[in-house]
Amino acid sequence: MAKTAAYRNRIEVLQGTLDLLVLQTLQWGPRHGYGITRAIQAGSGERLKVDTGSLYPALHRLERQRFIQAEWKTSENKQRVAATMDAFFEYVAGDTGAFRLVFESDLTNEPAVRERVDRVTTDCAAMIALVIHEDTGLPDAEARLLAVSLVGMAQVSARFWLSEASGIKPLVTQGDAAALVAGLAWRGIRGYPLTDEH
């Protein structure tokens, strides 16, 4: 139990530090995600690298807490799907090993960790469902089901890729793996028509 509390405290400290770095960067004006990442990296003398798998959850966290007002847009849905898969595969392959620590260990048996993992999955699915609902006009329940399916596809395919990529030379590169899964997801989701507004 003490191990779980220590782990949770460490995660909260890391998230809080990233949140402060993001807020410090945004004090000079609005920036897109890549601009925030580059500013943090440059400001730290290239010692800190913030990947999209950490940055975007931080931006969503700050937006929920009303510290920032974000404008989330990508001009094409195909780009949205590809960006989502890229971010997930980048997180899975990240140097921190956070993905392996959570998903490939017995930590998910700890109730606090399981609750957090479930919450992140639910939050991701909710954000994707909102886009699906707005773009297609599908009812909320149907948009949620499709969103959870996309999140599940990303998680399962990334876990499989990670286990296959553990050799010296991966059979499929990270970029190619993300593009393949994004292509499959896009071919499936594009069958739903856009509403007149999109």
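None of the figures in this text is laboratory data; all of them are computed from the coordinates on show. Since the model is a prediction, treat every value here as computed from it, not as a measurement.
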Provide the per-residue ³J(HN,Hα) series for the stretch 119-135, in order, calculated from phi with Karplus coefficients 6.51, -1.76, 1.60 and θ = phi - 60°, each as a whole number of Hz, with x at glycine and proline positions.
5, 4, 4, 5, 5, 4, 4, 5, 5, 5, 4, 4, 5, 4, 4, 5, 7
What list of ³J(HN,Hα) couplings, whole Hz, do you get for the stretch 175-186 from phi and the Karplus terms 6.51, -1.76, 1.60, once you set θ to phi - 60° and write x for glycine and proline?
x, 5, 4, 4, 5, 4, 5, 4, x, 5, 4, 5
Interchain or sequence-distant (5+) residues whose placed amide H lies within less than 5 Å of the amide H of residue 68 are 63
